[in-house]
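Asks: One structure follows; several queries about it will come next.
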Amino acid sequence: LAIIFLSVNSQAQFTFGVSTGLGLNSASFGYQVSPKLVPFIGLQYVNANIKFEESGERWDYDLYQVENYSNDAELKAGLFIPNLGVKYFVMQHEKLQAFLLLNLTKPLAHGKLTYDGEEEEELNDLLKKAKAWGGEFGFGVEYFMDENFSIGGEFGLRYFRFKYEDSYESDYYNPNTGN
């Protein structure tokens, strides 16, 4: 990418794109180094809040009677997905330009889980041990209303690879040896 930026000719210009929707919201910032090539950086973000409440009656075996109970849990989680990519325009017809898109991503997850008002630290430990990488390949079309403004759409395939590793020690009883 450094070679691309250093070989900029007089036609270069900045680009900015946004995408909103029910899934991932995103924005990207690029630099058009030739009429066909736009390297860019971007950020995608998705957020979820889930709340669970339960109440009722249950049998308390210690007191040997029916008791009222109430439990609540709340999960707030999000995924930041910074990316680095390139858009390559493959075909142009008047004000319409078709392109291919390729980018690499490094998803970063964050979250908070509370149960009856107490934060559960296990979620933070799990997120620290998780590793993720991803990428996207897509194609799309932009309609240039003038030299400095366009509206476009794209379709892409995303790939995420998540890996989680953990280890622990455990004791067990062997009835053959009595240990």
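Asks: In square nanometres, what is one fourth of the surface area of the convex hull spanned by the alpha carbons of the chain?
Replies: 19.2 nm²
Asks: Looking at region 57-136, which chymotrypsin sites (Phe, Trp or Tyr not before Pro) are in a loop (DSSP not H, G, I, E or B) and have at most 14 other Cβ atoms within 10 Å? Working shown, then result.
Replies: Values: sites: W59, Y61, Y64, Y69, F80, Y88, F89, F99, Y115, W133; in loops: Y61, Y64.
Filter output for region 57-136: Y61, Y64.
Asks: Let me ask something else about it. Name all residues of region 142-179 having a backbone nitrogen under 18 Å from the label point set 7 Å from the Cα of K128 along its Cα→Cβ direction, giving them as ranges.
Replies: 163-169
Asks: Among the trypsin sites (Lys or Arg not before Pro) in region 105-160, which ones are in a DSSP loop with at most 10 other Cβ atoms within 10 Å of the Cβ? Mind listing them?
Replies: none
Asks: What range in the chain is the longest one free of GluC sites (Glu not before Pro) that are in a loop by DSSP and have at most 12 other Cβ atoms within 10 angstrom?
Replies: Formally, the longest exposed-site-free interval is 1-93.
Asks: Next question. Please give me the summed charge of the neighbours of G156: other residues whose Cβ is under 15 Å from its Cβ, Lys and Arg +1, Asp and Glu -1.
Replies: Result for the local shell: -1.
Asks: Give me the net charge for the shell around H110: Cβ to Cβ below 11 angstrom, other residues only, Lys and Arg +1, Asp and Glu -1.
Replies: So the surrounding residues net to +3.
Asks: Something else about it: For the chain, which whole-number percentage of the solvent-accessible area (1.4 Å probe, protein heavy atoms only) is attributable to carbon and sulfur atoms?
Replies: Roughly 57 percent of what the probe reaches on the chain is carbon or sulfur.
Asks: Using a probe radius of 1.4 Å on heavy atoms only, what accessible surface per residue do you get for the chain? Whole Å² is fine.
Replies: Details: 13690 Å² over 179 residues.
The answer is 77 Å² per residue.
The values are calculated or read from the model by the stated rules, or taken from the named source; none is laboratory data. Small disclaimer: the values here were computed from a predicted structure and weren't measured. Note that each Cβ is placed from the backbone with ideal geometry, even for glycine, and that neighbours are counted across all protein chains shown. Note: areas computed on protein heavy atoms with side chains; ligands, DNA, RNA excluded. Shrake-Rupley method; radii C 1.70, N 1.55, O 1.52, S 1.80 Å.
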